[in-house]
1. In Å², and per residue, what accessible area does the chain have when probed at 1.4 Å with the other protein chains present?
2. Which peptide among 107-119, 87-99 comes first, and what is the full order, when sorted by highest mean count of other Cβ atoms within 10 Å?
3. List the lysines whose alpha-carbon lies under 18 Å from that of Lys165, not counting same-chain residues fewer than 8 positions away?
4. For labels at Asn15 and Glu227 in the simple 7 Å Cα→Cβ model, what's the distance in nm?
5. If the chain between Met1 and Ala35 were fully stretched, how many nm would it gain, using 0.36 nm times the residue separation less the Cα-Cα distance?
6. Evaluate the distance, in nm, between pseudo-label points positioned 7 Å from the Cα of Ala199 and of Ala110 along their respective Cα→Cβ axes.
7. Would you mind telling me the share, in percent, of accessible area of the chain contributed by carbon and sulfur at probe 1.4 angstrom?
8. Could you pull out every residue, at least 5 positions away or on a different chain, whose amide H is within less than 5 Å of the one on Ile130? Hs are placed 1.01 Å off N in the peptide plane, and Pro or chain starts have none.
Amino acid sequence: MAVFKNALVRKPCRNMVNGLTSAALGRPDYDKALAQHEAYVQALRSCGLDVTVLAEDETHADSVFIEDTAVLSEKVAVIARPGAPSRLGEEDDVAAALRSRYAQLESIAAPGTLEGGDVFRAGDRFFVGISGRTNPEGARQLGMILKKHGYSVTSVPLREVLHLKTGVAYLENNRLLACGEFLDQPLLSAFEIVPIAAAEAYAANSVWINGRVLVPSGFPQTKENLEALGYDTLPLDVSEFRKLDGGLSCLSLRF
Ligand code: CIR
């Protein structure tokens, strides 16, 4: 079972209100977003993580979604290369922050693109979504790097969602919380799928941390199902990040 000790987060910048979105939920309220982010950091700390908060980056509206800038494992940190042009460069400060912690730091290079939201790990297996943000070349490069370190890597083509982790969350014990297109994805059939109904699809972006599961608040069925399976849930309001197509996993790198 994975054990996380650290997390890297990035303070939301004022310019986040101009972040990329397809959600049609309105503009985020910055002060509310800041308060939600602080509660999120507290929740990570309550799960036993040592949390480092990077300073805000006003030049990148979506920089609070730090998960997209890297893929981390015990053996290697891979610096991503965002597929959204406005997000290119977010990864530089993250690379600087990780350099002192990782002997092995590798990077995705052009023409590859890769966003960390498209990658989930289940033990020694990594799954990479081929999406509007992560192209086959980015996935290929990530595969080459991770395989050198003994991991297996499987590409999963996406049809509907922004990132792979928009629709799935690994819960350890070979369990995968999943919705929509991932409920019957043959590439994920080795997992025990914990299904999420379409009405609660946003809750698929939950996060397992050291035995607890952070879930977005407002999705009672998912919370109840997780608790029935024995998970201790921690509901968090991330409404302002949802307005930018983001969620719980996107707000941190956990390692
Ligand atoms: C974007 O479109 O890139 C941001 N507004 C949302 C990124 C969400 N990140 C994630 O799911 N890992």
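The values are calculated or read from the model by the stated rules, or taken from the named source; none is laboratory data. Keep in mind the model is a prediction, meaning the values are calculated, not measured. Heads up, the Cβs are rebuilt from the backbone with ideal geometry, glycines too, and the neighbour counts pull from every protein chain shown. Surface areas here come from the heavy atoms of the whole protein model, side chains and all, with no ligands, DNA or RNA. Shrake-Rupley method; radii C 1.70, N 1.55, O 1.52, S 1.80 Å.
1. 41 Å²
2. Going from most to least packed, we get 107-119, 87-99.
3. Those lysines meeting the cut-off are Lys223, Lys243.
4. Going from the Asn15 label point to the Glu227 one covers 4.2 nm.
5. Difference between extended and current length: 9.1 nm.
6. Distance between the two pseudo-spin positions: 4.8 nm.
7. 52 percent
8. Answer set, sorted by chain and number: Val156, Leu158.
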